[in-house]
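Take a look at the structure set out below.
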Amino acid sequence: MTEERITETETPSGNVHTTHTVVTEDRANRSGGSGWLIALVLVIVAIGGLYLFSRQSGAELAKDNAVAAAANDVSDAAHAVGDAAKDAVDGN
């Protein structure tokens, strides 16, 4: 913000003196800690999001591994039933 002040002073002899003053506030130099605080909060939120995402990815991986193991067990059981059925047919 810029403010301009003009002051006129008249001496007893009638001479007029004019003083011209310009006051400028530089807001860029008056930064508080709010910028740093907001940056810190954003970094903490980002770290928290990455942590939750990695935990969710780990749970997703565990679930996928469990489904794959169950599918292998079903496949093994199907082979055993097929072998038993083949043995029963061959035995008759």
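Please treat every number below as a calculation from the coordinates, not as lab data. None of these values were measured; they are calculated from a predicted model. All Cβ positions, glycine included, derive from the backbone under ideal geometry; neighbour counts span all protein chains shown.
Entry for region 39-78 at q = 0.27, 0.31 Å⁻¹: log10 I(q)/I(0) = -0.81, -0.89, Debye formula applied to identical alpha-carbon scatterers, no solvent contribution. Note: relative contact order over the chain, using C-alpha pairs below 8 Å and six or more positions apart, is 16 percent. What fraction of the Cα pairs in the chain, stated in percent, has a spacing above 22 angstrom? Percentage above 22 Å: 73. Here the extension length gained between Leu42 and Thr9 equals 6.3 nm, from 0.36 nm per residue of separation less the Cα-Cα distance.
When the chain is described by a simple charge dipole with +1 on each Lys and Arg Cβ and -1 on each Asp and Glu Cβ, the residue from Ile44, Thr21, Ala66 located farthest towards its positive end is Thr21.
Based on DSSP H segments of at least four residues, each scored -39500 (n - 2.57), the chain has a per-residue ellipticity at 222 nm of -24000 deg cm²/dmol. When +1 charges are put on Lys and Arg Cβ atoms and -1 charges on Asp and Glu Cβ atoms, the dipole computed for the chain relative to its Cα centre reaches about 260 debye. Over all other residues within a Cβ to Cβ distance under 15 Å of His20, the charged ones net out to -2, with Lys and Arg as +1 and Asp and Glu as -1.
Rounded to whole numbers, the Karplus 3J(HN,Hα) couplings from phi for region 35-48 are x, 5, 5, 5, 4, 5, 4, 5, 5, 5, 5, 5, 5, x Hz, using 6.51 cos²θ - 1.76 cosθ + 1.60 with θ = phi - 60°, and x at Gly and Pro.
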